[in-house]
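Inspection log for the structure reproduced underneath, given as C-alpha coordinates.
The values are calculated or read from the model by the stated rules, or taken from the named source; none is laboratory data. The structure displayed is predicted, hence computed values, not measured ones. Because the Cβ atoms are built from the backbone with ideal geometry, glycine has one as well, and the counts that use them run over all protein chains shown. To get the accessible areas, we keep the full protein, side chains included, count just its heavy atoms, and leave off ligands, DNA and RNA. Shrake-Rupley method; radii C 1.70, N 1.55, O 1.52, S 1.80 Å.
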Amino acid sequence: MEESVVSQPDVALAEYERIVGSEVIEQLFQLAKPLRGKRIVHVNSTRTGGGVAEILTKMVPFTRALGIDASWEVIAGRNEFYQCTKSFHNALQGNHVTIPTAQLKVFEEVNAINAELLRPVLNDADVVIIHDPQPAPLITQFPNRRGRWIWRCHIDVSKPYRHVWQYLRVFISKYDASVFSLAAFAQPMPHPVCLIAPSIDPLSAKNAELSAEEINGIHRQLGLDPARRTILQVSRFDRFKDPVGVVEAYRLAKRFAPDLQLILAGGGATDDPEGAAVLNEVHTAAAEDPDIHVLELPADAHRTINALQRTADIVLQKSTREGFGLTVTEALWKGKPVIGGNTGGIRLQVIDHHTGFLVNTPEGAAHRIRYLLHHRDKAEEMGRKGREFVRVNFLLTRHLCDYLSLILLLESGDSNRVELRRIA
Ligand code: UDP
(Lines give C-alpha, C1' and ligand atoms only; values in the text may rest on other atoms or scores of the structure.)
Protein backbone atom coordinates (compact mmCIF):
# COMPACT_ATOMS: atom_id res chain seq x y z
CA MET A 1 0.00 0.00 0.00
CA GLU A 2 1.31 3.46 -0.83
CA GLU A 3 2.27 6.12 1.62
CA SER A 4 0.01 9.17 1.82
CA VAL A 5 1.35 12.49 0.60
CA VAL A 6 -1.05 14.19 3.01
CA SER A 7 -0.50 12.46 6.31
CA GLN A 8 -3.52 11.43 8.37
CA PRO A 9 -2.23 8.95 10.90
CA ASP A 10 -5.51 8.68 12.79
CA VAL A 11 -7.28 6.81 9.99
CA ALA A 12 -6.76 3.13 10.69
CA LEU A 13 -6.80 1.71 7.17
CA ALA A 14 -5.92 -1.76 8.44
CA GLU A 15 -9.05 -1.70 10.56
CA TYR A 16 -11.21 -0.89 7.54
CA GLU A 17 -9.48 -3.61 5.59
CA ARG A 18 -10.48 -6.10 8.28
CA ILE A 19 -14.13 -5.13 7.75
CA VAL A 20 -14.40 -4.63 3.98
CA GLY A 21 -11.53 -6.75 2.67
CA SER A 22 -8.22 -5.81 1.06
CA GLU A 23 -9.61 -5.57 -2.47
CA VAL A 24 -11.80 -2.62 -1.54
CA ILE A 25 -8.90 -0.75 0.05
CA GLU A 26 -6.65 -1.48 -2.92
CA GLN A 27 -9.31 -0.23 -5.29
CA LEU A 28 -9.54 2.98 -3.29
CA PHE A 29 -5.80 3.53 -3.57
CA GLN A 30 -5.98 2.84 -7.28
CA LEU A 31 -8.75 5.38 -7.77
CA ALA A 32 -6.95 7.91 -5.58
CA LYS A 33 -3.61 7.61 -7.36
CA PRO A 34 -4.30 10.00 -10.23
CA LEU A 35 -5.86 12.44 -7.74
CA ARG A 36 -3.00 12.54 -5.20
CA GLY A 37 -2.19 16.03 -4.05
CA LYS A 38 -5.37 17.46 -5.59
CA ARG A 39 -7.56 19.69 -3.49
CA ILE A 40 -11.12 18.64 -2.78
CA VAL A 41 -13.22 21.02 -0.70
CA HIS A 42 -16.58 20.04 0.75
CA VAL A 43 -18.96 22.83 1.77
CA ASN A 44 -22.14 22.54 3.85
CA SER A 45 -23.96 24.60 6.47
CA THR A 46 -23.42 22.79 9.76
CA ARG A 47 -20.47 21.17 11.46
CA THR A 48 -22.66 19.08 13.79
CA GLY A 49 -26.07 17.47 13.72
CA GLY A 50 -27.70 15.68 10.83
CA GLY A 51 -26.46 13.23 8.27
CA VAL A 52 -24.22 15.46 6.14
CA ALA A 53 -22.05 16.50 9.08
CA GLU A 54 -21.95 12.88 10.19
CA ILE A 55 -20.61 11.78 6.80
CA LEU A 56 -18.08 14.58 6.30
CA THR A 57 -16.57 14.12 9.75
CA LYS A 58 -15.14 10.81 8.58
CA MET A 59 -15.07 11.15 4.80
CA VAL A 60 -12.61 14.05 4.88
CA PRO A 61 -9.87 12.39 6.99
CA PHE A 62 -10.29 9.15 5.06
CA THR A 63 -9.81 10.98 1.75
CA ARG A 64 -6.70 12.61 3.16
CA ALA A 65 -5.35 9.22 4.20
CA LEU A 66 -5.42 8.33 0.49
CA GLY A 67 -3.12 11.24 -0.28
CA ILE A 68 -5.77 13.68 -1.50
CA ASP A 69 -5.86 17.13 0.05
CA ALA A 70 -9.47 17.11 1.24
CA SER A 71 -10.98 19.75 3.51
CA TRP A 72 -14.38 20.81 4.81
CA GLU A 73 -15.75 24.35 5.03
CA VAL A 74 -18.99 25.45 6.66
CA ILE A 75 -21.00 28.51 5.66
CA ALA A 76 -22.81 30.50 8.31
CA GLY A 77 -25.68 32.96 8.22
CA ARG A 78 -28.18 34.79 10.37
CA ASN A 79 -31.55 33.59 11.58
CA GLU A 80 -33.49 34.55 8.42
CA PHE A 81 -31.04 32.55 6.33
CA TYR A 82 -31.81 29.36 8.28
CA GLN A 83 -35.56 30.11 8.18
CA CYS A 84 -35.26 30.34 4.44
CA THR A 85 -33.17 27.19 4.02
CA LYS A 86 -35.51 25.25 6.31
CA SER A 87 -38.37 26.34 4.02
CA PHE A 88 -36.33 25.07 1.05
CA HIS A 89 -35.86 21.78 2.84
CA ASN A 90 -39.60 21.47 3.49
CA ALA A 91 -40.45 22.52 -0.07
CA LEU A 92 -37.98 20.15 -1.73
CA GLN A 93 -39.50 17.34 0.30
CA GLY A 94 -42.92 18.23 -1.11
CA ASN A 95 -44.52 20.85 1.18
CA HIS A 96 -46.11 23.92 -0.36
CA VAL A 97 -44.35 26.87 1.23
CA THR A 98 -44.28 30.58 0.63
CA ILE A 99 -40.92 32.20 1.06
CA PRO A 100 -40.87 36.00 1.33
CA THR A 101 -38.71 37.74 -1.29
CA ALA A 102 -36.79 39.44 1.53
CA GLN A 103 -35.73 35.99 2.83
CA LEU A 104 -34.54 34.93 -0.61
CA LYS A 105 -32.51 38.11 -0.73
CA VAL A 106 -30.90 37.24 2.61
CA PHE A 107 -30.23 33.72 1.29
CA GLU A 108 -28.34 35.10 -1.70
CA GLU A 109 -26.57 37.79 0.35
CA VAL A 110 -25.35 35.30 2.96
CA ASN A 111 -23.97 33.15 0.15
CA ALA A 112 -22.22 36.16 -1.38
CA ILE A 113 -20.62 37.01 2.00
CA ASN A 114 -19.51 33.41 2.52
CA ALA A 115 -18.14 33.31 -1.01
CA GLU A 116 -15.78 36.16 -0.10
CA LEU A 117 -14.66 34.39 3.07
CA LEU A 118 -14.06 31.15 1.20
CA ARG A 119 -12.68 32.69 -1.98
CA PRO A 120 -9.00 31.75 -1.43
CA VAL A 121 -9.75 28.12 -0.63
CA LEU A 122 -12.41 27.66 -3.33
CA ASN A 123 -10.33 29.38 -5.99
CA ASP A 124 -7.55 26.97 -5.23
CA ALA A 125 -9.68 23.83 -5.23
CA ASP A 126 -9.56 21.23 -7.97
CA VAL A 127 -12.94 19.89 -6.92
CA VAL A 128 -15.64 21.62 -4.86
CA ILE A 129 -18.50 19.52 -3.50
CA ILE A 130 -21.42 21.63 -2.33
CA HIS A 131 -23.87 19.82 -0.08
CA ASP A 132 -27.59 20.57 -0.21
CA PRO A 133 -29.34 23.84 -1.09
CA GLN A 134 -27.90 26.09 1.64
CA PRO A 135 -24.59 26.86 -0.13
CA ALA A 136 -25.87 26.21 -3.69
CA PRO A 137 -25.59 29.87 -4.88
CA LEU A 138 -21.87 30.05 -3.99
CA ILE A 139 -21.12 28.99 -7.54
CA THR A 140 -22.53 32.23 -8.96
CA GLN A 141 -19.70 34.13 -7.22
CA PHE A 142 -17.03 32.13 -9.08
CA PRO A 143 -17.69 32.80 -12.77
CA ASN A 144 -14.07 32.03 -13.69
CA ARG A 145 -13.70 28.99 -11.51
CA ARG A 146 -10.88 26.63 -12.24
CA GLY A 147 -12.03 23.47 -10.48
CA ARG A 148 -14.96 21.16 -11.07
CA TRP A 149 -18.01 21.93 -8.96
CA ILE A 150 -20.41 19.18 -7.90
CA TRP A 151 -23.77 19.73 -6.22
CA ARG A 152 -24.60 16.91 -3.81
CA CYS A 153 -28.24 16.57 -2.77
CA HIS A 154 -28.97 14.63 0.43
CA ILE A 155 -32.68 15.24 0.66
CA ASP A 156 -35.74 13.55 -0.76
CA VAL A 157 -36.47 15.53 -3.93
CA SER A 158 -38.75 12.96 -5.50
CA LYS A 159 -41.65 15.44 -5.58
CA PRO A 160 -40.28 18.91 -4.93
CA TYR A 161 -42.58 21.89 -4.73
CA ARG A 162 -42.04 23.22 -8.24
CA HIS A 163 -41.70 26.96 -7.54
CA VAL A 164 -38.90 26.43 -5.06
CA TRP A 165 -37.19 23.79 -7.18
CA GLN A 166 -37.24 26.11 -10.20
CA TYR A 167 -35.68 28.89 -8.15
CA LEU A 168 -32.88 26.62 -6.87
CA ARG A 169 -32.40 24.90 -10.21
CA VAL A 170 -31.05 28.13 -11.67
CA PHE A 171 -28.06 27.80 -9.32
CA ILE A 172 -27.74 24.03 -9.49
CA SER A 173 -27.70 23.88 -13.27
CA LYS A 174 -24.46 25.90 -13.24
CA TYR A 175 -22.58 22.97 -11.64
CA ASP A 176 -20.48 20.46 -13.56
CA ALA A 177 -22.42 17.52 -12.12
CA SER A 178 -25.00 16.73 -9.50
CA VAL A 179 -25.37 13.76 -7.22
CA PHE A 180 -28.56 12.30 -5.78
CA SER A 181 -28.94 9.43 -3.35
CA LEU A 182 -31.34 7.37 -5.45
CA ALA A 183 -32.91 7.21 -8.88
CA ALA A 184 -36.31 8.43 -7.66
CA PHE A 185 -34.70 11.76 -6.70
CA ALA A 186 -32.74 12.43 -9.87
CA GLN A 187 -33.84 15.59 -11.61
CA PRO A 188 -33.21 16.50 -15.26
CA MET A 189 -30.06 18.62 -15.46
CA PRO A 190 -27.87 20.05 -18.21
CA HIS A 191 -24.87 18.15 -16.79
CA PRO A 192 -24.05 14.57 -15.68
CA VAL A 193 -26.33 13.34 -12.91
CA CYS A 194 -24.97 10.58 -10.68
CA LEU A 195 -26.54 8.32 -8.11
CA ILE A 196 -24.45 7.80 -5.01
CA ALA A 197 -25.88 6.39 -1.82
CA PRO A 198 -24.53 7.78 1.46
CA SER A 199 -22.73 5.69 4.05
CA ILE A 200 -21.71 5.22 7.66
CA ASP A 201 -18.28 4.82 9.14
CA PRO A 202 -18.05 1.46 10.93
CA LEU A 203 -15.20 2.70 13.13
CA SER A 204 -16.70 5.98 14.33
CA ALA A 205 -17.82 6.48 17.92
CA LYS A 206 -21.38 6.11 16.59
CA ASN A 207 -20.81 2.66 15.14
CA ALA A 208 -17.80 0.99 16.76
CA GLU A 209 -18.25 -1.96 19.11
CA LEU A 210 -18.90 -0.98 22.74
CA SER A 211 -18.28 -2.96 25.90
CA ALA A 212 -21.28 -4.25 27.85
CA GLU A 213 -19.99 -2.22 30.79
CA GLU A 214 -20.11 1.04 28.85
CA ILE A 215 -23.56 0.27 27.48
CA ASN A 216 -24.92 -0.53 30.94
CA GLY A 217 -23.37 2.62 32.35
CA ILE A 218 -25.05 4.76 29.69
CA HIS A 219 -28.40 3.11 30.36
CA ARG A 220 -28.09 3.73 34.10
CA GLN A 221 -27.18 7.34 33.49
CA LEU A 222 -30.25 7.88 31.31
CA GLY A 223 -32.57 6.16 33.78
CA LEU A 224 -33.68 3.47 31.33
CA ASP A 225 -35.17 0.23 32.55
CA PRO A 226 -32.96 -2.66 31.36
CA ALA A 227 -35.74 -5.17 32.05
CA ARG A 228 -38.10 -3.61 29.53
CA ARG A 229 -38.19 -4.34 25.83
CA THR A 230 -37.23 -1.26 23.88
CA ILE A 231 -38.16 0.40 20.63
CA LEU A 232 -36.04 3.34 19.55
CA GLN A 233 -36.09 6.17 17.06
CA VAL A 234 -33.03 8.43 16.77
CA SER A 235 -33.74 11.61 14.83
CA ARG A 236 -33.62 15.34 14.77
CA PHE A 237 -36.98 16.68 15.96
CA ASP A 238 -38.33 17.28 12.47
CA ARG A 239 -41.91 16.63 11.31
CA PHE A 240 -40.74 14.58 8.33
CA LYS A 241 -39.29 12.09 10.85
CA ASP A 242 -42.82 11.68 12.28
CA PRO A 243 -41.89 11.34 15.97
CA VAL A 244 -45.55 11.78 16.93
CA GLY A 245 -46.45 8.86 14.65
CA VAL A 246 -43.85 6.81 16.52
CA VAL A 247 -45.55 7.63 19.84
CA GLU A 248 -48.89 6.49 18.34
CA ALA A 249 -47.35 3.24 17.10
CA TYR A 250 -45.84 2.63 20.56
CA ARG A 251 -49.20 3.15 22.27
CA LEU A 252 -50.90 0.67 19.97
CA ALA A 253 -48.10 -1.90 20.39
CA LYS A 254 -48.04 -1.46 24.17
CA ARG A 255 -51.52 -2.94 24.41
CA PHE A 256 -49.95 -6.25 23.47
CA ALA A 257 -46.57 -5.71 25.13
CA PRO A 258 -47.06 -3.95 28.47
CA ASP A 259 -43.33 -4.17 29.21
CA LEU A 260 -42.48 -1.98 26.20
CA GLN A 261 -40.57 1.29 26.48
CA LEU A 262 -40.03 3.87 23.77
CA ILE A 263 -36.92 5.97 23.41
CA LEU A 264 -37.01 9.01 21.16
CA ALA A 265 -33.48 10.31 21.03
CA GLY A 266 -32.74 13.51 19.22
CA GLY A 267 -31.07 16.82 19.20
CA GLY A 268 -30.90 19.77 16.90
CA ALA A 269 -28.76 20.55 13.94
CA THR A 270 -27.47 24.11 14.19
CA ASP A 271 -29.12 24.92 10.85
CA ASP A 272 -32.61 23.68 11.88
CA PRO A 273 -34.82 26.40 13.43
CA GLU A 274 -37.98 24.23 13.79
CA GLY A 275 -36.68 21.66 16.29
CA ALA A 276 -38.06 23.28 19.46
CA ALA A 277 -41.64 23.39 18.14
CA VAL A 278 -41.52 19.73 17.08
CA LEU A 279 -40.03 18.74 20.43
CA ASN A 280 -43.02 20.40 22.16
CA GLU A 281 -45.40 18.38 19.99
CA VAL A 282 -43.57 15.22 21.02
CA HIS A 283 -43.81 16.05 24.73
CA THR A 284 -47.53 16.70 24.34
CA ALA A 285 -48.01 13.38 22.54
CA ALA A 286 -45.95 11.53 25.16
CA ALA A 287 -48.21 12.97 27.89
CA GLU A 288 -45.86 12.05 30.71
CA ASP A 289 -45.97 8.31 30.07
CA PRO A 290 -43.03 7.10 32.24
CA ASP A 291 -42.13 4.49 29.63
CA ILE A 292 -41.58 7.10 26.94
CA HIS A 293 -38.12 8.58 27.19
CA VAL A 294 -37.62 11.72 25.14
CA LEU A 295 -33.88 12.33 25.20
CA GLU A 296 -32.44 15.62 24.09
CA LEU A 297 -28.86 14.78 23.39
CA PRO A 298 -25.91 17.03 22.67
CA ALA A 299 -24.50 16.90 19.17
CA ASP A 300 -21.50 14.82 20.25
CA ALA A 301 -23.47 12.08 22.04
CA HIS A 302 -22.27 9.48 19.55
CA ARG A 303 -21.43 6.76 22.05
CA THR A 304 -24.78 7.27 23.78
CA ILE A 305 -26.64 6.83 20.50
CA ASN A 306 -24.46 3.85 19.68
CA ALA A 307 -25.37 2.25 23.03
CA LEU A 308 -29.08 2.94 22.54
CA GLN A 309 -29.04 1.41 19.07
CA ARG A 310 -27.20 -1.65 20.35
CA THR A 311 -29.67 -2.37 23.13
CA ALA A 312 -32.91 -1.62 21.29
CA ASP A 313 -34.98 -4.63 20.33
CA ILE A 314 -36.35 -2.83 17.30
CA VAL A 315 -35.32 0.44 15.67
CA LEU A 316 -37.89 2.64 13.99
CA GLN A 317 -37.43 5.35 11.40
CA LYS A 318 -40.99 6.25 10.63
CA SER A 319 -40.17 9.16 8.33
CA THR A 320 -42.68 10.41 5.80
CA ARG A 321 -39.83 11.76 3.65
CA GLU A 322 -36.22 10.71 3.91
CA GLY A 323 -33.20 11.51 1.78
CA PHE A 324 -31.41 8.41 2.96
CA GLY A 325 -31.67 7.85 6.70
CA LEU A 326 -28.26 7.18 8.22
CA THR A 327 -30.03 6.17 11.40
CA VAL A 328 -31.41 3.20 9.46
CA THR A 329 -27.93 2.24 8.28
CA GLU A 330 -26.55 2.59 11.80
CA ALA A 331 -29.23 0.32 13.21
CA LEU A 332 -28.88 -2.31 10.49
CA TRP A 333 -25.12 -2.33 11.03
CA LYS A 334 -25.79 -3.18 14.69
CA GLY A 335 -27.90 -6.14 13.65
CA LYS A 336 -31.27 -4.59 14.43
CA PRO A 337 -34.43 -5.09 12.40
CA VAL A 338 -35.70 -1.70 11.25
CA ILE A 339 -39.30 -0.62 10.81
CA GLY A 340 -39.06 2.27 8.40
CA GLY A 341 -41.40 4.66 6.66
CA ASN A 342 -42.05 3.51 3.10
CA THR A 343 -40.27 6.44 1.55
CA GLY A 344 -37.08 7.76 -0.04
CA GLY A 345 -33.75 6.32 1.00
CA ILE A 346 -35.32 4.08 3.63
CA ARG A 347 -36.54 1.92 0.74
CA LEU A 348 -32.96 1.39 -0.36
CA GLN A 349 -32.07 -0.05 3.00
CA VAL A 350 -35.12 -1.66 4.50
CA ILE A 351 -35.81 -4.54 2.20
CA ASP A 352 -39.33 -5.42 3.21
CA HIS A 353 -39.46 -8.73 5.15
CA HIS A 354 -35.68 -9.16 4.81
CA THR A 355 -33.87 -6.41 6.70
CA GLY A 356 -37.02 -5.01 8.32
CA PHE A 357 -40.47 -3.79 7.41
CA LEU A 358 -41.70 -0.81 5.42
CA VAL A 359 -44.77 0.87 6.85
CA ASN A 360 -47.11 3.69 5.91
CA THR A 361 -49.05 4.32 9.14
CA PRO A 362 -48.68 4.13 12.93
CA GLU A 363 -51.04 1.14 12.83
CA GLY A 364 -48.75 -0.61 10.32
CA ALA A 365 -45.74 0.12 12.49
CA ALA A 366 -47.50 -1.21 15.60
CA HIS A 367 -48.45 -4.39 13.75
CA ARG A 368 -44.82 -4.98 12.78
CA ILE A 369 -43.55 -4.15 16.28
CA ARG A 370 -45.88 -6.77 17.64
CA TYR A 371 -44.72 -9.31 15.08
CA LEU A 372 -41.02 -8.77 15.77
CA LEU A 373 -41.48 -8.88 19.54
CA HIS A 374 -43.16 -12.26 19.14
CA HIS A 375 -40.74 -13.69 16.58
CA ARG A 376 -37.31 -13.18 18.03
CA ASP A 377 -35.73 -15.65 15.59
CA LYS A 378 -37.07 -13.67 12.64
CA ALA A 379 -35.87 -10.41 14.20
CA GLU A 380 -32.38 -11.86 14.61
CA GLU A 381 -32.31 -13.19 11.07
CA MET A 382 -33.29 -9.76 9.73
CA GLY A 383 -30.56 -8.21 11.85
CA ARG A 384 -27.93 -10.54 10.39
CA LYS A 385 -29.07 -9.80 6.84
CA GLY A 386 -29.14 -6.08 7.55
CA ARG A 387 -25.58 -6.00 8.82
CA GLU A 388 -24.25 -7.81 5.76
CA PHE A 389 -26.31 -5.60 3.46
CA VAL A 390 -24.71 -2.53 5.01
CA ARG A 391 -21.22 -4.04 4.92
CA VAL A 392 -21.43 -4.49 1.17
CA ASN A 393 -23.38 -1.37 0.20
CA PHE A 394 -23.37 1.41 2.74
CA LEU A 395 -19.96 1.81 4.32
CA LEU A 396 -17.69 4.81 3.92
CA THR A 397 -15.28 2.90 1.67
CA ARG A 398 -17.91 2.28 -1.02
CA HIS A 399 -19.08 5.88 -0.78
CA LEU A 400 -15.59 7.22 -1.30
CA CYS A 401 -15.02 4.84 -4.22
CA ASP A 402 -18.09 6.35 -5.88
CA TYR A 403 -16.96 9.94 -5.29
CA LEU A 404 -13.48 9.27 -6.60
CA SER A 405 -14.90 7.57 -9.69
CA LEU A 406 -17.11 10.58 -10.35
CA ILE A 407 -14.20 12.99 -9.92
CA LEU A 408 -12.08 10.93 -12.30
CA LEU A 409 -14.95 10.95 -14.74
CA LEU A 410 -15.18 14.74 -14.60
CA GLU A 411 -11.41 15.15 -14.75
CA SER A 412 -11.26 12.95 -17.82
CA GLY A 413 -13.25 15.59 -19.66
CA ASP A 414 -15.11 12.85 -21.50
CA SER A 415 -18.30 12.03 -19.70
CA ASN A 416 -18.70 8.72 -21.53
CA ARG A 417 -15.46 7.12 -20.56
CA VAL A 418 -13.12 6.94 -17.60
CA GLU A 419 -9.90 5.00 -17.21
CA LEU A 420 -10.00 3.48 -13.73
CA ARG A 421 -7.18 0.99 -14.06
CA ARG A 422 -3.90 1.98 -15.66
CA ILE A 423 -1.49 -0.60 -16.89
CA ALA A 424 1.97 0.23 -15.54
N1 UDP B 1 -28.00 12.10 15.12
C2 UDP B 1 -27.28 12.43 16.24
N3 UDP B 1 -27.92 12.98 17.29
C4 UDP B 1 -29.25 13.21 17.27
C5 UDP B 1 -29.99 12.88 16.11
C6 UDP B 1 -29.34 12.33 15.05
O7 UDP B 1 -26.06 12.20 16.30
O8 UDP B 1 -29.77 13.70 18.25
C9 UDP B 1 -27.29 11.49 14.00
C10 UDP B 1 -27.79 10.14 13.60
O11 UDP B 1 -27.21 9.14 14.41
C12 UDP B 1 -27.37 10.09 12.15
C13 UDP B 1 -27.53 11.53 11.70
O14 UDP B 1 -27.45 12.33 12.87
O15 UDP B 1 -26.02 9.73 12.05
C16 UDP B 1 -28.88 11.78 11.03
O17 UDP B 1 -28.80 11.39 9.70
P18 UDP B 1 -30.08 10.96 8.89
O19 UDP B 1 -29.64 10.70 7.51
O20 UDP B 1 -30.78 9.83 9.60
O21 UDP B 1 -31.05 12.22 8.98
P22 UDP B 1 -30.88 13.79 8.70
O23 UDP B 1 -30.78 14.41 10.06
O24 UDP B 1 -29.66 14.00 7.86
O25 UDP B 1 -32.16 14.17 8.03
Restrict the check to the range 101-111 and report whether at least one residue is of a type in the set (Lys, Arg), more than 23 Å from the chain's Cα centre (by Cα), open to solvent by 10 Å² or more (accessible area, probe 1.4 Å) and closer than 25 Å to Val157 by Cβ. yes
Residue selected from the range 35-50 under the condition charged (D, E, K, R) and in contact (Cβ under 8 Å) with a residue 60 or more places away in the chain, by the criterion most open to solvent (accessible area, probe 1.4 Å): Arg47
By residue number, the members of the range 258-272 that are under 13 Å from Asp238 (Cβ atoms) and either among the acidic types (Asp, Glu) or assigned to a loop (DSSP other than H, G, I, E, B) (or both) are Gly267, Gly268, Ala269, Asp271, Asp272
Those residues of the range 164-189 which are closer than 19 Å to Glu108 by Cα, touching a residue at least 24 places away in the same chain (Cβ under 8 Å) and not in a loop (DSSP other than H, G, I, E, B) amount to Val164, Trp165, Tyr167, Leu168, Phe171, Ile172
Between residues in the range 262-277 that are within 11 Å of the ligand (Cβ to nearest atom) and residues that are modelled with pLDDT under 80, which pairs lie under 6 Å by C-beta distance while being six or more apart or on different chains? Gly275/Gly268
Gly217 fails exactly one of (1) surrounded by fewer than 16 Cβ atoms within 10 Å (Cβ to Cβ); (2) under 23 Å from the mean Cα position of the chain (by Cα), namely (2)
What is the number of the single condition among (1) touching a Lys or Arg at 6+ places or on another chain (Cβ under 7 Å); (2) within 16 Å of the ligand (Cβ to nearest atom) that Ile68 does not meet? (2)
What about Gln233, is it more than 16 Å from the ligand (Cβ to nearest atom) and assigned to a strand (DSSP E or B)? no
So Ile155 fits all but one of (1) buried (at least 17 other Cβ atoms within 10 Å of the Cβ); (2) at pLDDT 95 or above; (3) not charged (D, E, K, R); what number is the exception? (2)
Out of all the residues in the range 330-337, is one or more modelled with pLDDT of 95 or more and surrounded by fewer than 18 Cβ atoms within 10 Å (Cβ to Cβ)? no
Considering only the range 280-295, state which residues are at pLDDT 95 or above and either within 13 Å of the ligand (Cβ to nearest atom) or not in a helix (DSSP H, G or I) (or both). Val282, Asp289, Pro290, Asp291, Ile292, His293, Val294, Leu295
Hey, can you tell me all the residues within the range 185-230 that are within 17 Å of Arg152 (Cα to Cα) and within 16 Å of the ligand (Cβ to nearest atom)? Phe185, Ile196, Ala197, Pro198, Ser199, Ile200
Qualifying position, being under 18 Å from the mean Cα position of the chain (by Cα) and modelled with pLDDT under 95, among Ala269, Ala265: Ala269
Matching option when the condition is outside any helix (DSSP H, G or I) and either at pLDDT below 95 or over 19 Å from the mean Cα position of the chain (by Cα) (or both), among Gly340, Gly323: Gly323
Hits in the range 364-403 (condition: of a type in the set (A, V, I, L, M, F, W, C), in contact with a Leu (Cβ under 9 Å, 6 or more places away or on another chain) and assigned to a helix (DSSP H, G or I)): Ala365, Ala366, Ile369, Leu373, Ala379, Met382, Phe389, Val390, Leu396, Leu400, Cys401
So which residues in the range 165-183 are more than 16 Å from the ligand (Cβ to nearest atom) and open to solvent by 10 Å² or more (accessible area, probe 1.4 Å), if there are any at all? Gln166, Tyr167, Arg169, Val170, Phe171, Ser173, Lys174, Asp176, Ala183
Give me the residue from the range 273-285 that is within 16 Å of Val234 (Cα to Cα) and open to solvent by less than 50 Å² (accessible area, probe 1.4 Å) and, out of that set, farthest from the chain's Cα centre (by Cα). Val282
Could you pull out the residue among Ala65, Ala91, Ala32, Ala53 that is among the hydrophobic types (A, V, I, L, M, F, W, C), open to solvent by less than 30 Å² (accessible area, probe 1.4 Å) and touching a strand residue (DSSP E or B) at 6+ places or on another chain (Cβ under 8 Å)? Ala53
Considering Arg347, Arg384, which residue is over 29 Å from Leu222 (Cβ atoms) and open to solvent by 10 Å² or more (accessible area, probe 1.4 Å)? Arg347
Every residue from the range 236-255 that is assigned to a helix (DSSP H, G or I), open to solvent by 40 Å² or more (accessible area, probe 1.4 Å) and of a type in the set (Lys, Arg): Arg239, Arg251, Lys254
Of all residues in the range 190-206 being assigned to a strand (DSSP E or B) and closer than 27 Å to Val11 by Cβ, which is least open to solvent (accessible area, probe 1.4 Å)? Ile200
